[in-house]
1. Please list, ordered by residue number, the strands (runs of 3 or more DSSP E) wholly in the range 88-173 having 3 or more residues that are buried (at least 20 other Cβ atoms within 10 Å of the Cβ).
2. For the range 249-261, which residues satisfy the criterion of being within 17 Å of Gly126 (Cβ to Cβ) and open to solvent by 20 Å² or more (accessible area, probe 1.4 Å)?
3. Are any of the residues in the range 44-57 open to solvent by 20 Å² or more (accessible area, probe 1.4 Å), among the hydrophobic types (A, V, I, L, M, F, W, C) and either modelled with pLDDT of 80 or more or in contact with an Asp or Glu (Cβ under 7 Å, 6 or more places away or on another chain) (or both)?
4. Would you confirm whether any residue within the range 180-188 is more than 23 Å from Pro274 (Cβ to Cβ), assigned to a helix (DSSP H, G or I) and open to solvent by 70 Å² or more (accessible area, probe 1.4 Å)?
5. Within the range 192-229, track down each residue that is open to solvent by 70 Å² or more (accessible area, probe 1.4 Å) and β-branched (Val, Ile, Thr).
6. If you check Leu287 against the conditions, is it farther than 18 Å from Cys166 by Cα, open to solvent by less than 50 Å² (accessible area, probe 1.4 Å) and outside any strand (DSSP E or B)?
7. Mind checking which residues of the range 64-89 are over 23 Å from Lys108 (Cβ atoms) and touching a residue at least 40 places away in the same chain (Cβ under 8 Å)?
8. Mind listing just one residue for me: the one in the range 225-251 that is among the hydrophobic types (A, V, I, L, M, F, W, C) and assigned to a helix (DSSP H, G or I) and, of those, farthest from the chain's Cα centre (by Cα)?
Amino acid sequence: MSNQMTIYDISKKAGVSIATVSRVLNGSTNVKPRTRKKVMDIIEQYGYKPNAFARGLGLNSMKTIGILCADASDLYLAKAIYFIEQNLRENGYHSVLCCTGYEMASRKDSLNLLLSQHVDSVVMVGSNFIMNNAEDNQYVKDAAATVPIMLLNADFDCSNVYCTLCDDYKATQDATEKMLDAGVKNILYLYNSNSYSGLKKLAGYQNALLTHDIPLKKEMQQCFKGSHEDIDGVKNFVESIYKKGIKFDGIVTSDDFLAVGAMNFARANNINVPKDLQIIGYNNSILTLCSEPDISSVDNRLEDMCIQLVKTLIGTLSQNEMPQKTIFSGELIKRGSTSF
């Protein structure tokens, strides 16, 4: 049973909160003797030896970090995992990766699995682990009661949660404004996610238009719901918008794969890029070099973010006072798909 047992199970069986179990495991004096005995009895009964408990017995930490990621086939997430894992190894830490998909139940199960493996900390890669609904974020708070939680590109205000993110709002606003300042009148915004990061980018686009006194139109903000590998699907999606008579001479996207699909649409319809249509991607990935012309894209400083995240993680585990939030600025890398 010990491998199956998690701190959640102990709290349920003892009828106490996860925070109370954590306090017992960490040897805190701020627990009633009767409550402590109840929790310890459960721990002994099931032979549960969590990391904090092992530390209390004078043993070393596992030197292992859990990494959660929704989808390792996503270019951005895959690159992030690579940078994080590389930096952890350089600092003498191993890592265990769980790919959760996008379902809440699977996220919770994967997180519980990592906690039961006695990891020293959990890194959540990507903004989709934080939801708009506070209730849906309780699982992150619960986990933070036992180990430090590191969020990459998400913002969540909670004790023992550390956030490293890019200012996606400002980066998208700046990119859109540069296009507007270059004389592009009708900018279509293509996005594929309503995650924390996805909504920040959308708001950045909207604010750029509003500050230029351009009314927001629903038809100019289009969400592609297909796979991030379906570039042909993006091309057809943009084509369907075009065939409805919606006019646009610029496209700003929330991800490079959307920009590649937009480029394929332009080529299929003999639209000259950048003369008649200007396109901006996001993430500055290898995909930007897979089109003719190359695609201008926002560099959201992924490698810098990952290095900083690991630095914060190591500092936290070493009991140093570390910043709970580190924000990087994105930068537009100009290539052939824009004329400015």
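1. 121-125, 149-152, 161-166
2. Asp255
3. Within the range 44-57, not a single residue is open to solvent by 20 Å² or more (accessible area, probe 1.4 Å), among the hydrophobic types (A, V, I, L, M, F, W, C) and either modelled with pLDDT of 80 or more or in contact with an Asp or Glu (Cβ under 7 Å, 6 or more places away or on another chain) (or both).
4. No, the range 180-188 contains no residue that is more than 23 Å from Pro274 (Cβ to Cβ), assigned to a helix (DSSP H, G or I) and open to solvent by 70 Å² or more (accessible area, probe 1.4 Å).
5. Thr211
6. yes
7. Selection gives Leu75, Tyr76, Lys79, Phe83, Asn87, Leu88.
8. Result: Ile241.
The values are calculated or read from the model by the stated rules, or taken from the named source; none is laboratory data. Note that this is a predicted model, so its numbers are computed, not measured. Here Cβ is always computed from backbone atoms with ideal geometry, including for glycine, and neighbour counts include all displayed protein chains. The accessibility values were calculated without ligands, DNA or RNA, using every heavy atom of the protein model including side chains. Shrake-Rupley method; radii C 1.70, N 1.55, O 1.52, S 1.80 Å.
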